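Trainee: I am attaching a structure below and will ask some questions about it afterwards.
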Amino acid sequence: GTATSYTDLNPGSGTYAYSVIASDGVDDSPPAACIVTLSNVNPVTGLDCNQVDADVVLTWTNNGGTFSAQYDAIDVARNGTVLATISGTATTYTDLGAPAGNLTYTVTPSIGVEAALPAACTLLVFDTNVTDLVLRFEDTLTGDIDSSLAIHNALIANAQVSLLVDVVGLADLATQGLSLASFPRVWVELGTFPNNYTLSQAEGQTLADHVSAGGSVFLSGGDTHCFNPTTPIHMLTGVSDTCADGGFGIDQVDGIISPSCGLGEFINPVLYDGGEEGFIDRLSPLTTGEAVLTFTVGAATYNGGVFNATPNGHVISHSVEVGGIGEAHDQEDLISRYIECFPPVIVIGGQEFVRGDVNQDGAVNIADVVALLDQLFSGGAPSTCQSSLDGNDDGMVDVADAIRVLNFLFSGGAALDAPFPSCGEDATSDSLTCDSFTTCP
């Protein structure tokens, strides 16, 4: 009656229910129970899952032949569905073209009919067509408006593929399997005091490194440019140190002007309702920076946005919260202009192209016919977008496509099927692929 443990020696593989009942004379206690699943086949260890482009690569330590006999086979499953049964000696598996979303993978080795306990890993897989990463910091969520969500919605309304990610700080990206390097454009909304986030020096360096590597950053916050500590990213904004910390409300946003971006005024000024608007910084551009947004306070006009093209990447600095600018259509208009301000994005695994533009130079002409014939008959380099070669939209690439384009160019033939003459998706289902197209966003 004093025992505190018991060992069931070598019970064999299976699921067992154990119960312990104490007794005192003829009286028994209620049972204390547990259930355990056992296997004589040792599991794999160290399972690691990582996204590589559109694929997920799994690696593990194979314990077959170490603590038990060599595995006969290994089952790899995604979200409970077996993807493949592979060799018992394998240490890696690649899930080609994994779907976007939260995925759980299991790796289960077996010897004969007996299987080990599965090893599991979970990761968030994002669409490789994503053009924009929008960061929403936890400290900003108690504010009156959600500008991160407004930016995200405006990007989607402009036919961009946006990923909105909630973070406490930039370091959270790594825990979610994400890296700034995967996104051509990064939109950082830091909020306005007292519901704002302050970048650390390390975070500012991370954003600056992204710009130096050729990326684009939209950096917005009511206090980040003129009141909060300067970090490395602020050295790339084109905003002068002489800018002022705002102390009054904003009446309206008047427009955006920038020779480099080809921006123009709004058709009509729009009202601003940004919540904590008494702390909106008034930005002064340096020689390299250009004002891209103005707002009024009474009769005075101030800068609320600055564009700066560095030798590598581009930065748009904002003090006015996007979510407070007019209505949703005004925000969509603003973001569409900022998209044009940044360099064009080449979408890998992309869906948009122009039919007939074989050499991807933005025009359909005789040069495209020559390029197509070169690929068909002279060993020319294969296209990164086979769909653009399909001039007659029959799902095949052959000489008939060249004839169709020539007929359109020189014989009064009908215009090519969409997408043409502008970028767009292929409405025709076929086996042709389009991995990238240089001149389409």
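Trainee: Q201: farther than 30 Å from H329 by Cα, among the polar types (S, T, N, Q) and in the same structural domain as T230 (by TED's automatic domain parsing), yes or no?
Mentor: Values: farther than 30 Å from H329 by Cα: yes; among the polar types (S, T, N, Q): yes; in the same structural domain as T230 (by TED's automatic domain parsing): yes.
Taking the combined requirement at face value, the residue satisfies it.
Trainee: Hey, any hits in the stretch 143-163 for a residue that's surrounded by fewer than 21 Cβ atoms within 10 Å (Cβ to Cβ) and assigned to a strand (DSSP E or B)?
Mentor: Scanning the stretch 143-163 turns up at least one residue that is surrounded by fewer than 21 Cβ atoms within 10 Å (Cβ to Cβ) and assigned to a strand (DSSP E or B).
Trainee: Quick one: in the stretch 335-347, of everything that is assigned to a loop (DSSP other than H, G, I, E, B) and over 15 Å from C423 (Cβ atoms), which residue is modelled with the lowest pLDDT?
Mentor: So the residue we want is P343.
Trainee: Step by step: first the residues of the stretch 179-226, then only those that are of a type in the set (V, I, T) and in contact with a strand residue (DSSP E or B) (Cβ under 7 Å, 6 or more places away or on another chain), then the one that is farthest from F137 (Cα to Cα). Which residue is that?
Mentor: Once the filter is applied, the top-ranked residue is V211.
Trainee: Name, by its number, the condition in (1) modelled with pLDDT of 95 or more; (2) surrounded by 13 or more Cβ atoms within 10 Å (Cβ to Cβ) that does not hold for L124.
Mentor: (1)
Trainee: Here are the criteria: (1) more than 20 Å from Y338 (Cα to Cα); (2) more than 11 Å from the chain's Cα centre (by Cα); (3) of a type outside the set (K, R). Tell me which single one E189 does not satisfy.
Mentor: It is condition (1) that E189 fails.
Trainee: Which condition number in (1) charged (D, E, K, R); (2) out of contact with any helix residue (DSSP H, G or I) (no Cβ under 9 Å at 6 or more places or on another chain); (3) at pLDDT 90 or above is the one that D368 fails?
Mentor: With (1) charged (D, E, K, R); (2) out of contact with any helix residue (DSSP H, G or I) (no Cβ under 9 Å at 6 or more places or on another chain); (3) at pLDDT 90 or above applied to D368, the lone miss is (2).
Trainee: In the stretch 53-99, what count of residues is obtained for those that are under 27 Å from the mean Cα position of the chain (by Cα), in a loop (DSSP other than H, G, I, E, B) and within 21 Å of S39 (Cβ to Cβ)?
Mentor: 1
Trainee: Is it the case, given these coordinates, that S319 is buried (at least 24 other Cβ atoms within 10 Å of the Cβ), within 28 Å of the chain's Cα centre (by Cα), of a type in the set (S, T, Y) and more than 19 Å from D426 (Cα to Cα)? Let's see the steps before the verdict.
Mentor: Details: buried (at least 24 other Cβ atoms within 10 Å of the Cβ): yes; within 28 Å of the chain's Cα centre (by Cα): yes; of a type in the set (S, T, Y): yes; more than 19 Å from D426 (Cα to Cα): yes.
Judged against the criteria, S319 is a match.
Trainee: To continue, here is another question. It is to be established whether one or more residues within the stretch 198-214 are at pLDDT below 95, within 19 Å of the chain's Cα centre (by Cα) and in a loop (DSSP other than H, G, I, E, B).
Mentor: Yes, some residue in the stretch 198-214 is at pLDDT below 95, within 19 Å of the chain's Cα centre (by Cα) and in a loop (DSSP other than H, G, I, E, B).
Trainee: Would the stretch 394-409 turn up any residue that is closer than 30 Å to I156 by Cα and either modelled with pLDDT under 90 or not in a loop (DSSP other than H, G, I, E, B) (or both)?
Mentor: Yes, the stretch 394-409 has at least one match.
Trainee: Moving to a separate point now. Would you tally the residues in the stretch 43-70 being modelled with pLDDT under 90 and not aliphatic (A, V, I, L, M)?
Mentor: 9
Trainee: Out of everything in the stretch 89-118 that is under 17 Å from S13 (Cβ atoms) and among the small types (G, A, S), what residue ends up being surrounded by the fewest Cβ atoms within 10 Å (Cβ to Cβ)?
Mentor: For the stretch 89-118, the residue satisfying everything is G112.
Trainee: Sticking with this one: Mind checking which residues of the stretch 1-47 are among the small types (G, A, S), more than 43 Å from the chain's Cα centre (by Cα) and assigned to a loop (DSSP other than H, G, I, E, B)?
Mentor: G1, A3, S5, G12, S13, A22, G25, S29
Trainee: Pull out all pairs, ordered by first then second residue, where Cβ-Cβ is under 6 Å, the residues are six or more apart or on different chains, the first lies in the stretch 215-236 and is within 18 Å of T310 (Cβ to Cβ), and the second is among the basic types (K, R).
Mentor: That search, which allows pairs on different chains as well, returns S216/R185.
The values are calculated or read from the model by the stated rules, or taken from the named source; none is laboratory data. Being a predicted model, the structure only gives us computed values, none of them experimental. FYI the Cβ positions are ideal-geometry reconstructions off the backbone, even for glycines, and counts take in every protein chain you see.
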